[in-house]
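Peer 1: To start, I am sharing the structure in question, which I have written as structure tokens.
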Amino acid sequence: MNLDPAVEEEFRRLEEEIAGHDRRYHGEARPTVSDFAYDQLRRRQGELLAAHPSLQTLRPGGVGDDRLDRFPKKNHREPMLSLNNTYGEDELRRFVERVERAAAGPVDFVVEPKIDGVALAITYRSGRLAHALTRGNGLEGDVVTENLRAVADIPRTIPAEGKEGEESVVEVRGEIHVEEKDFQAMNAEREEMGEEPYANARNLAAGSLKLLDPKESARRRLHFLAYEILGYAIGTQWEVLETLRRWQFPSNGGALARGFAQVWQRVEELGKSRSGHAFATDGAVVKANDRSLRAVLGAQSSAPRWAIAYKFAPERVETLLEDIRLRVGRTGVVTPVAVLSPVHLAGSTIRSATLHNGDDIARKDLRIGDTVFLEKAGEVIPAVVAPVPEKRPASALPFAFPSQCPACGEPLVRIDGEVAHRCLNPDCPPQLARRLEHFASRAALDIATLGPARIAQLLERGLVRHFVDIYSLDADSLAALPGMGPRSAKNLLAAVDASRRQPTWRLLHGLGIPHVGAETAKLLLRRWPSLQDLAAAERDELCRCDGVGEVVAAGIFRFFRSPANRKLLETLSSLGFAVFSPTPAIGLVAAQSPARELAGPSPFPESAGPSPFRGKNFAITGSFSSLGREELRRRIEERGGSVREALSRRVDVLLVGERPGSKRAEAERLGIATAGEDVLFRWLQESESAERRN
């Protein structure tokens with residue numbers, strides 16, 4: 001029987017839309033729809049599959065994928081599955097009844113708050129923390145152990161129970177999250193710096209866990225809540241929660257329930273108390289308490305049959321879309337903003353909401369004058385979900401995105417691969433103001449007292465047109481500004497002068513290259529020690545850098561190939577910024593196969609200069625007599641290098657200590673250079689001597 005083309009077309013559209021949402025949620029931590037809207041897409045897909053089984057071969061599987069190229073990978077000891085979701089009481093009842101039929105009688109359940117965080121698996125060997133993995137694709141995750149060490153409430157050791165002489169391996173699973181008060185504080189800070197706020201606390205947690213700089217991860221105030229133990233003899237889920245508390249793990253808690261009536265009562269109680277938790281919770285997880293039932297009930301391809309997540313439907317209100325206004329950002333991106341009739345939603349009054357881009361408006365068919373449904377995505381950021389068709393006035397017309405910039409009148413363009421409309425006029429007034437604000441912000445050059453209001457004054461008086469003009473300001477001109485005076489002018493000039501000595505990554509971030517934020521700037525300068533070196537990099541070199549994709553690489557390449565920006569580097573150097581490379585160090589030459597021991601004189605100069613470790617990737621095997629592995633990692637990273645868990649062709653040197661493992665043989669196969677303890681410590685001594693001389 002032939003499949004109806006309309007059905008196949010709808011299914012393929014759903015597949016494409018869901019795949020896009022999966023990529024933004026798991027890989028980019030930037031979802032554009034609420035969980036409820038996403039689950040409705042999945043539900044419709046399931047309905048089509050049930051009615052048309054031949055569509056099964058087109059169904060995407062798995063649990064999403066949050067893996068990133070820049071992190072080493074490791075397999076999970078058991079698949080890390082997601083949970084089936086339901087928003088309905090009847091479906092939850094059917095779940096309870098299925099479990100009771102499998103058990104041939106009444107069953108105890110544990111009802112736990114569902115944490116809106118990032119799944120994490122932590123492995124302990126003989127009671128000591130060994131490594132931590134993200135969910136990844138469910139079978140393999142990213143190794144984020146170093147960033148995990150920034151989470152203060154994760155125990156570094158647990159009781160090592162097992163047979164004498166045998167290594168015990170225990171895994172604790174849970175969720176990394178950011179508490180609501182910290183999330184609000186971080187967003188307030190971003191808005192103050194002119195940056196886009198995080199959509200919800202989960203996005204912030206996901207992004208923080210995948211930062212390359214563990215120190216920056218620590219600043220994000222991450223927390224962990226545990227809910228599962230593997231590799232440890234334990235009979236019930238309730239005993240799991242008690243054991244986690246005994247091991248000093250923070251736990252999300254839970255309540256026992258028998259039969260559907262009690263389960264539903266516990267779910268309703270969680271719904272009423274959800275705002276009282278320090279962490280974001282978007283539902284309740286219901287699990288069969290007896291863990292022996294897990295083998296009986298089994299699992300689907302991506303979810304167990306012994307547990308289910310009941311999701312609280314988001315609060316939704318109606319309001320009037322009064323207007324759509326356009327905001328021009330510092331990179332020229334023109335963002336539409338919905339102007340709404342004030343309405344109260346989830347504890348706050350909402351007057352506006354971002355509409356993302358023109359495609360988003362067209363896809364939702366939003367029109368000025370529409371009554372629209374409004375939700376808080378992730379319970380934080382207001383989102384216009386859809387119009388209310390039956391309340392649409394006849395005068396409401398489809399919104400046409402303008403072809404000219406609303407601020408300067410220049411043509412708007414769409415760059416291949418982007419959905420945004422951009423104004424490419426570098427003299428566009430809002431762009432000038434926001435570029436200056438970004439350059440001076442705490443995230444970039446951190447020029448104290450040079451905020452948006454002061455920048456607006458400088459632009460209005462014609463004292464600045466570009467951020468380099470900041471360094472030509474004089475005390476008399478500043479003192480004449482309203483609200484300034486001699487003392488304020490002196491303080492501002494002192495802050496401007498101090499900015500010349502900021503780390504180079506801050507300057508790179510401040511340049512405003514599209515898609516190059518603070519973390520990407522740090523990453524780039526680990527690979528290329530100066531802006532001069534980075535400017536000379538070819539596009540394919542940039543693409544090979546961990547964490548830099550084709551879009552980012554293209555933007556960097558375009559920026560530094562511009563004659564005006566080449567001239568800008570010379571100007572910045574004349575202003576006192578460290579732009580050009582000092583006398584280059586003799587780097588490690590490409591490894592030849594077989595691997596060789598770097599013995600004899602150090603391949604780095606004895607004179608002061610760049611760190612011998614800067615821009616190099618190291619792996620470690622074995623133990624070192626006078627330095628623990630974590631201290632060694634810290635010293636390498638402080639000097640600009642990076643340490644990887646796994647061995648690959650991206651590793652420059654394998655550091656070999658006593659009793660090395662299989663990595664040494666693997667290094668020989670891959671042709672990776674090796675260095676013993678004597679060479680390593682010579683490099684450290686030379687590096688530290690150079691630092692003291694500087």
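The values are calculated or read from the model by the stated rules, or taken from the named source; none is laboratory data. Bear in mind the structure is a predicted one, so any value in this text is a computation, not a measurement. Glycine gets a Cβ as well: all are built from the backbone with ideal geometry, and neighbour counts include every protein chain shown.
Peer 1: Does any residue in segment 1-17 that is over 14 Å from E47 (Cα atoms) come within less than 7 Å, Cβ to Cβ, of a residue that is of a type in the set (F, W, Y) and modelled with pLDDT of 70 or more six or more places away or on a different chain, and which pairs are these?
Peer 2: none
Peer 1: Quick one: in segment 460-478, of everything that is in contact with a Leu (Cβ under 6 Å, 6 or more places away or on another chain) and over 13 Å from L492 (Cα atoms), which residue is surrounded by the most Cβ atoms within 10 Å (Cβ to Cβ)?
Peer 2: Within segment 460-478, the match that is surrounded by the most Cβ atoms within 10 Å (Cβ to Cβ) is F467.
Peer 1: Only one of A396, A383, A400, A362 is free of Cβ contacts under 8 Å to residues at least 60 places away in the same chain and outside any loop (DSSP other than H, G, I, E, B); which? Talk me through it step by step, then tell me what you get.
Peer 2: Values: A396 fails: outside any loop (DSSP other than H, G, I, E, B); A383 fails: free of Cβ contacts under 8 Å to residues at least 60 places away in the same chain; A400 fails: outside any loop (DSSP other than H, G, I, E, B).
Step by step, each of A396, A383, A400, A362 is checked, and only A362 is free of Cβ contacts under 8 Å to residues at least 60 places away in the same chain and outside any loop (DSSP other than H, G, I, E, B).
Peer 1: In addition: Of the residues A521, A489, A495, only one is in a helix (DSSP H, G or I) and surrounded by fewer than 18 Cβ atoms within 10 Å (Cβ to Cβ); which? Even if it seems obvious, please write down each step before you answer.
Peer 2: Values: A521 fails: surrounded by fewer than 18 Cβ atoms within 10 Å (Cβ to Cβ); A489 fails: surrounded by fewer than 18 Cβ atoms within 10 Å (Cβ to Cβ).
The conditions single out A495.
Peer 1: Criterion first (among the acidic types (D, E), assigned by TED's automatic domain parsing to the domain that holds F279 and crowded, with 16+ Cβ neighbours inside 10 Å) does E167 satisfy it? Before the answer, list the steps.
Peer 2: Working: among the acidic types (D, E): yes; assigned by TED's automatic domain parsing to the domain that holds F279: yes; crowded, with 16+ Cβ neighbours inside 10 Å: no.
For E167, the condition - among the acidic types (D, E), assigned by TED's automatic domain parsing to the domain that holds F279 and crowded, with 16+ Cβ neighbours inside 10 Å - is not met.
Peer 1: Hey, could you check segment 636-650 for residues that are within 24 Å of the chain's Cα centre (by Cα) and of a type in the set (A, V, I, L, M, F, W, C) and say which is surrounded by the most Cβ atoms within 10 Å (Cβ to Cβ)?
Peer 2: Taking the candidates together, the pick is V643.
Peer 1: Condition (residue is more than 30 Å from A313 (Cβ to Cβ) and touching a residue at least 12 places away in the same chain (Cβ under 8 Å)) applied to segment 79-102: is it met by at least one residue? Give the derivation first.
Peer 2: Applying the first criterion (more than 30 Å from A313 (Cβ to Cβ)) to segment 79-102 yields none.
There is no residue in segment 79-102 that is more than 30 Å from A313 (Cβ to Cβ) and touching a residue at least 12 places away in the same chain (Cβ under 8 Å).
Peer 1: Of the residues A295, A288, A299, A303, only one is closer than 30 Å to W238 by Cβ, surrounded by 18 or more Cβ atoms within 10 Å (Cβ to Cβ) and out of contact with any Asp or Glu (no Cβ under 6 Å at 6 or more places or on another chain); which?
Peer 2: On the way: A295 fails: surrounded by 18 or more Cβ atoms within 10 Å (Cβ to Cβ); A299 fails: surrounded by 18 or more Cβ atoms within 10 Å (Cβ to Cβ); A303 fails: surrounded by 18 or more Cβ atoms within 10 Å (Cβ to Cβ).
None of the other options fit; the residue is A288.
Peer 1: Here's a follow-up. Report whether or not E171 is more than 16 Å from the chain's Cα centre (by Cα), modelled with pLDDT under 90 and not in a helix (DSSP H, G or I). Give the derivation first.
Peer 2: Numbers: more than 16 Å from the chain's Cα centre (by Cα): yes; modelled with pLDDT under 90: no; not in a helix (DSSP H, G or I): yes.
The answer is no for E171.
Peer 1: Still on this model: Given the conditions (1) of a type in the set (G, A, S); (2) over 25 Å from V144 (Cβ atoms); (3) modelled with pLDDT of 80 or more, and given that S581 satisfies all but one, which numbered condition is not satisfied?
Peer 2: Checking S581 against (1) of a type in the set (G, A, S); (2) over 25 Å from V144 (Cβ atoms); (3) modelled with pLDDT of 80 or more, the one that fails is (3).
Peer 1: In segment 231-283, what count of residues is obtained for those that are in contact with a Pro (Cβ under 6 Å, 6 or more places away or on another chain) and within 17 Å of A119 (Cβ to Cβ)?
Peer 2: 2
Peer 1: Same structure, new question: So if I check each of V679, V653, which one is at pLDDT 70 or above and within 30 Å of the chain's Cα centre (by Cα)? Let's see the steps before the verdict.
Peer 2: On the way: V679 fails: within 30 Å of the chain's Cα centre (by Cα).
Step by step, each of V679, V653 is checked, and only V653 is at pLDDT 70 or above and within 30 Å of the chain's Cα centre (by Cα).
Peer 1: Any chance you could count how many residues in segment 120-141 are surrounded by fewer than 23 Cβ atoms within 10 Å (Cβ to Cβ) and either assigned to a strand (DSSP E or B) or outside the structural domain of R202 (by TED's automatic domain parsing) (or both)? If you could, list the steps in order and put the result at the bottom.
Peer 2: Kept after step one, since they are surrounded by fewer than 23 Cβ atoms within 10 Å (Cβ to Cβ), are these residues of segment 120-141: 121, 123, 125-131, 137-140.
From what is left, the residues that are either assigned to a strand (DSSP E or B) or outside the structural domain of R202 (by TED's automatic domain parsing) (or both) are 121, 123, 125, 128-131, 140.
Qualifying residue count, segment 120-141: 8.
Peer 1: Follow-up. Counting only residues that are within 21 Å of P402 (Cα to Cα) and of a type in the set (S, T, Y), how many does segment 317-350 have?
Peer 2: First pass over segment 317-350, keeping only residues within 21 Å of P402 (Cα to Cα): 321-340.
Imposing the further condition that a residue be of a type in the set (S, T, Y) reduces the set to 331, 335.
Qualifying residue count for the region: 2.
Peer 1: Quickly run through segment 501-516 and pick out the residues that are closer than 21 Å to R544 by Cβ, without any contact (Cβ under 8 Å) to a residue 60 or more places away in the chain and assigned to a loop (DSSP other than H, G, I, E, B).
Peer 2: Selection gives I513, H515, V516.
Peer 1: Follow-up. Within segment 528-538, take every residue that is assigned to a helix (DSSP H, G or I) and in contact with a Lys or Arg (Cβ under 9 Å, 6 or more places away or on another chain) and give me the one that is farthest from G640 (Cα to Cα).
Peer 2: Per the stated criteria, the residue is A535.
Peer 1: For residues that are in contact (Cβ under 8 Å) with a residue 40 or more places away in the chain and in a loop (DSSP other than H, G, I, E, B), scanning just segment 103-119, find the one that is surrounded by the most Cβ atoms within 10 Å (Cβ to Cβ).
Peer 2: The first filter runs over segment 103-119 and keeps only residues in contact (Cβ under 8 Å) with a residue 40 or more places away in the chain, leaving 103, 106-119.
Cutting the leftovers down to in a loop (DSSP other than H, G, I, E, B) gives us 106-107, 116-117.
Working: P106: 8, V107: 21, D116: 19, G117: 24.
Result: G117.
Peer 1: Which residues, counting only those in segment 634-669, are touching a residue at least 24 places away in the same chain (Cβ under 8 Å), basic (K, R) and over 26 Å from E541 (Cβ atoms)?
Peer 2: If the condition is that a residue be touching a residue at least 24 places away in the same chain (Cβ under 8 Å), basic (K, R) and over 26 Å from E541 (Cβ atoms), then R635, R659, K663, R664 are the ones that fit.
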